[in-house]
Amino acid sequence: MTNEVLRVDFDLLDRQIVDLDGHPVGKVDDVEFGTTADGRPFVAAILVGHHALGERIGGRLGRWMAAVARRLHTTGDPQPLRIPFERVAEIGSAIRLDVRHELLNTPALELWLRDNVIGRIPGASDAGQ
Amino acid sequence: MLASDLLGRPVRDRDGKPLGRVADLLTEPDEHGRQRVVRVLVTPRRRGRLLGFERPGIQRPWLLERISSLLHRGTREVPWEDIDWSAE
Amino acid sequence: MKRFLAVTLGILTAIGGFVDIGDLVANSETGARFGMRLAWVVVVGVIGICLYAEMSGRVAAVSGRPVFDLVRERLGARVALANLAGSYLVTLLTLSAEIGGVALAIELATSVHYLLWVPIAAFVLWVVLWKVKFEPMERVFGLAGLALVVFVVALIALDPPWAQLGQQVTSPVPPATEDWGTYGFFAVALFAAAMTPYEVFFFSSGGVEEKWTSRDLAISRVNVFVGFPLGGVLSLAVMGCAAVVYEPLQAQVDTLGQTALPVAMALGKLGLVVVILGFFAATFGAALETGLSAGYTVAQYFGWQWGKLVRPRQAARFHTVVLISVLLGVALLLTTADPIAITEYSLVFSAVALPLTYLPILIVANDRDYLGDEVNSPLTNVLGVTYLVIILVAAIAAVPLMILTGMGS
Amino acid sequence: MLISLGAVLLALVLLGVWPTTSGQFRSTVESSVQDAVSSVGTARTTGQTALRGNTFGAYESTVLDDTRKSVATAITDVVESEVPDQDSRRLRDEVLPLLQESARLIGDLGTGLDSDDRGLASSATDGLAEVGERLTAALEGLR
């Protein structure tokens, strides 16, 4: 990205997030702002999760998506994955983080399916290509 | 505060004149490197993604760019401080 | 050899797109009813898919982003969700039909009813999707699908009245026995078959799975410009064979067995064996293509880890979508829905879903932030916009034509 | 919601019991005859190809099975339609024997090929060629 100006809707929202090695982490489902001393918002974090996406889409479908996402969380208060903006290394055709995806929380749905469905099928741990 | 709370909201200028709806938020880094919102892209019509033709220097394919700018006629950038967010 | 094998992705994509179960029968049916009077649609379709597959391959190679990433990124979460719903439905219906097609191909060789083969075919399909790595999968089924070249040989061996076929090609109007409504319906269906969205989903995602970079642009182009025209030639040969054999009899074609008959007439038992093998490979390849594409679209919309590069454990959501899609496909077939009718419906719906897939590709292929200096040339843009208009016309006409002609009957 | 559902159901029932017009009957017959033309043509070509030794058993029986079922459906469609008037009755009496003849010949062809009875198979093939011509003539009259 050559220009210094960042467009929140265009450059951030709905872009693919990848980790240091290019592994998909998720989509930017929403952006969280902080407030500077003079009352201006600044980009504080990017949020990832069906529940953030559902709330952004809105309407019946969005509410349904958010409700499903909440259901899938078995523990505590469901929160989308929050990635502080300082962790963003590069904004291009994808948003590249400066950490590996193992350090981020694995989404509940992935975890549940891994433990209860896919992980139980023989060969699930065989190396990919 | 979330981006989804701001985008798509109808806003007015400081004199109370309606500006349209918020289509995008433009940020620039401050001295701490924080991306602060400096300008707001407002559009008189209903918000849909602008397809990226609103960025300077993006003009091809010509026909799509014409259609997009026709559909989003009147879209412009307004400095953050000139916007009254309280208006509904 | 390695050079030659590099084009198998394009061949598999094109065979899955052009000569899968629905197309095999639809091309035969078109040939039987219209002779070669709709051949021009295949040519128009081949040019269109080449154009857009090249763009999507270029974007995938330079930026590493497959098509459904672009769809959500440019159209926004909500519109992309509508596209996702449509594209997934089309891909799922096609997957179901392809599983049925595999079973029908085995029925031709065994005379055991196809429904008994459906669960077995689906299980083998899933095992391949689960276990086999991307490149061997693409090579085996891409190359085996080439057995369908037997249709070209058969057409030549039938020694058709070339002058008459040529005259039909150059007179794009319905024959005396058909009206403009059915002509238009078949034109839209053939065009949609050539440009079905899962081809670009699969091709661009396959490029990412093969780890293409900007150095592989040449490979991507060769894949496109060898694979899709080859698919087009095969589908014209299928059409031509049916035109020669069935049009004089005024017979309509609606089974896979009928599609194979001209080859048996021209080339005998051996030809028949090869053609049935080709049916099997092409439908199985198309089933792989659509099965993976079902997973690709959903995973790429939500940004999940996808693909066969990682262990299935690490892409649990992606593999779950693939598994559920295969199961849904089988469930649909076990209601005894006719696999060939299923593809005919999916073709019409795919015409409706086309614009929302191809528009973002065209826009991003012009974006220097993504492609640097590899953006579209002005000529590509003129063609791209022209095809977008054609796609839009086909999309708008599809459903009214379907209702007016009662699926072209 | 319930009212509209009821209206749709009522419409479906009415469509089912509404008397057929002669136009509808004619179009049912036309599509049955078209199906029979397709099946007979396919069966005949399959028979010729098989007699030349260019196919194998599993393929023949799959293709002939499909054509047999298609003709059976065509017969059922005509038989089960209500005959609205004299003209339609004449049409039915003209077409039905052709359809039944087709079904019989396709059955014979299958039996002939299955049991390696070349005489039966080739006379069935010749018969199919002949009934095919009559069906095509009937189809042209119906269009």
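The values are calculated or read from the model by the stated rules, or taken from the named source; none is laboratory data. For clarity, every value in this text was computed on a predicted model and none was experimentally measured. Backbone-built Cβ (ideal geometry, glycine too); neighbour counts: all protein chains shown.
Just a few scattered comments:
- In the stretch C:169-209, the qualifying residues are those that are more than 20 Å from C:Glu344 (Cα to Cα) and free of Cβ contacts under 8 Å to residues at least 24 places away in the same chain, and the one that is surrounded by the most Cβ atoms within 10 Å (Cβ to Cβ) is C:Thr170.
- Pairs with Cβ under 6 Å, 6+ apart, first in the stretch C:210-236 and under 21 Å from C:Ala286 (Cα atoms), second assigned to a loop (DSSP other than H, G, I, E, B) and modelled with pLDDT under 90: C:Val222/C:Val7; C:Asn223/C:Val7; C:Val226/C:Val7; C:Leu234/C:Val19; C:Ser235/C:Val19
- Note on the stretch C:1-39: among residues that are in a helix (DSSP H, G or I) and of a type in the set (Lys, Arg), the one that is modelled with the highest pLDDT is C:Arg33.
- Check on A:Asp21, of a type in the set (Asp, Glu), surrounded by fewer than 22 Cβ atoms within 10 Å (Cβ to Cβ) and closer than 19 Å to C:Gln300 by Cβ: yes
- Looking only at residues in the stretch C:214-268 that are within 27 Å of C:Pro174 (Cβ to Cβ) and of a type in the set (S, T, N, Q), the one that is surrounded by the fewest Cβ atoms within 10 Å (Cβ to Cβ) is C:Gln250.
- The stretch B:62-79: number of residues that are within 26 Å of B:Glu28 (Cα to Cα), of a type in the set (Lys, Arg) and either within 14 Å of chain C (Cβ to nearest Cβ) or touching a residue at least 60 places away in the same chain (Cβ under 8 Å) (or both): 0
- In the condition set (1) under 30 Å from C:Val208 (Cα atoms); (2) within 13 Å of chain C (Cβ to nearest Cβ); (3) of a type outside the set (Ser, Thr, Tyr), A:Leu61 is compliant with all but (1).
- Residue selected from the stretch D:113-127 under the condition touching a residue at least 40 places away in the same chain (Cβ under 8 Å) and of a type outside the set (A, V, I, L, M, F, W, C), by the criterion surrounded by the fewest Cβ atoms within 10 Å (Cβ to Cβ): D:Arg118
- Selection of the stretch A:103-117 for residues being of a type outside the set (Lys, Arg) and within 10 Å of chain C (Cβ to nearest Cβ) yields A:Thr106, A:Pro107, A:Leu109, A:Glu110, A:Leu111, A:Trp112, A:Leu113, A:Asp115, A:Asn116, A:Val117.
- When residues of the stretch C:78-99 are limited to those that are within 14 Å of another protein chain (Cβ to nearest Cβ) and buried (at least 22 other Cβ atoms within 10 Å of the Cβ), the one farthest from C:Thr357 (Cα to Cα): C:Ala80
- Count of residues meeting criterion [within 24 Å of the chain's Cα centre (by Cα) and more than 20 Å from C:Ala193 (Cβ to Cβ)] in the stretch C:360-380: 6
- Selected residue [out of contact with any strand residue (DSSP E or B) (no Cβ under 6 Å at 6 or more places or on another chain), among the small types (Gly, Ala, Ser) and farther than 29 Å from C:Leu309 by Cβ] from A:Gly39, A:Gly34: A:Gly39
- Close contacts from the stretch D:74-99, counting a first residue that is touching a residue at least 24 places away in the same chain (Cβ under 8 Å) and a second that is exposed (fewer than 12 other Cβ atoms within 10 Å of the Cβ), with Cβ to Cβ under 7 Å and a gap of 6+ residues or different chains, come to D:Glu82/D:Pro19; D:Pro84/D:Pro19.
- If only residues of the stretch C:122-151 that are under 21 Å from C:Thr259 (Cα atoms) and either crowded, with 20+ Cβ neighbours inside 10 Å or acidic (Asp, Glu) (or both) are counted, the one that is farthest from the other protein chains (Cβ to nearest Cβ) is C:Gly145.
- B:Leu19 out of contact with any Leu (no Cβ under 9 Å at 6 or more places or on another chain), part of a strand (DSSP E or B) and more than 27 Å from A:Gly54 (Cβ to Cβ): yes
- Subset of the stretch A:4-27 that is more than 8 Å from every other protein chain (Cβ to nearest Cβ) and either without any contact (Cβ under 8 Å) to a residue 60 or more places away in the chain or in contact with a strand residue (DSSP E or B) (Cβ under 8 Å, 6 or more places away or on another chain) (or both) - its residue that is nearest to B:Pro56 (Cα to Cα): A:Asp11
- Any chance D:Ala43 is within 13 Å of another protein chain (Cβ to nearest Cβ), closer than 30 Å to D:Asp117 by Cα and surrounded by 13 or more Cβ atoms within 10 Å (Cβ to Cβ): yes
- The residues in the stretch A:92-111 that are surrounded by fewer than 18 Cβ atoms within 10 Å (Cβ to Cβ) and more than 18 Å from A:Leu20 (Cβ to Cβ) can be counted, and the count is 1.
Okay, residues lined up against (1) modelled with pLDDT of 80 or more; (2) of a type in the set (Gly, Ala, Ser); (3) closer than 30 Å to C:Ala365 by Cβ:
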position: B:Leu7; (1), (2), (3): yes, no, yes
position: B:Pro10; (1), (2), (3): yes, no, no
position: B:Gly16; (1), (2), (3): yes, yes, no
position: B:Val38; (1), (2), (3): yes, no, no
position: B:Arg46; (1), (2), (3): no, no, yes
position: B:Gly57; (1), (2), (3): no, yes, yes
position: B:Pro61; (1), (2), (3): yes, no, yes
position: B:Leu71; (1), (2), (3): yes, no, yes
position: B:Arg76; (1), (2), (3): yes, no, yes
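- Restricting C:Gly372, C:Gly384 to residues that are modelled with pLDDT under 90, within 14 Å of chain B (Cβ to nearest Cβ) and outside any loop (DSSP other than H, G, I, E, B) narrows the list to C:Gly372.
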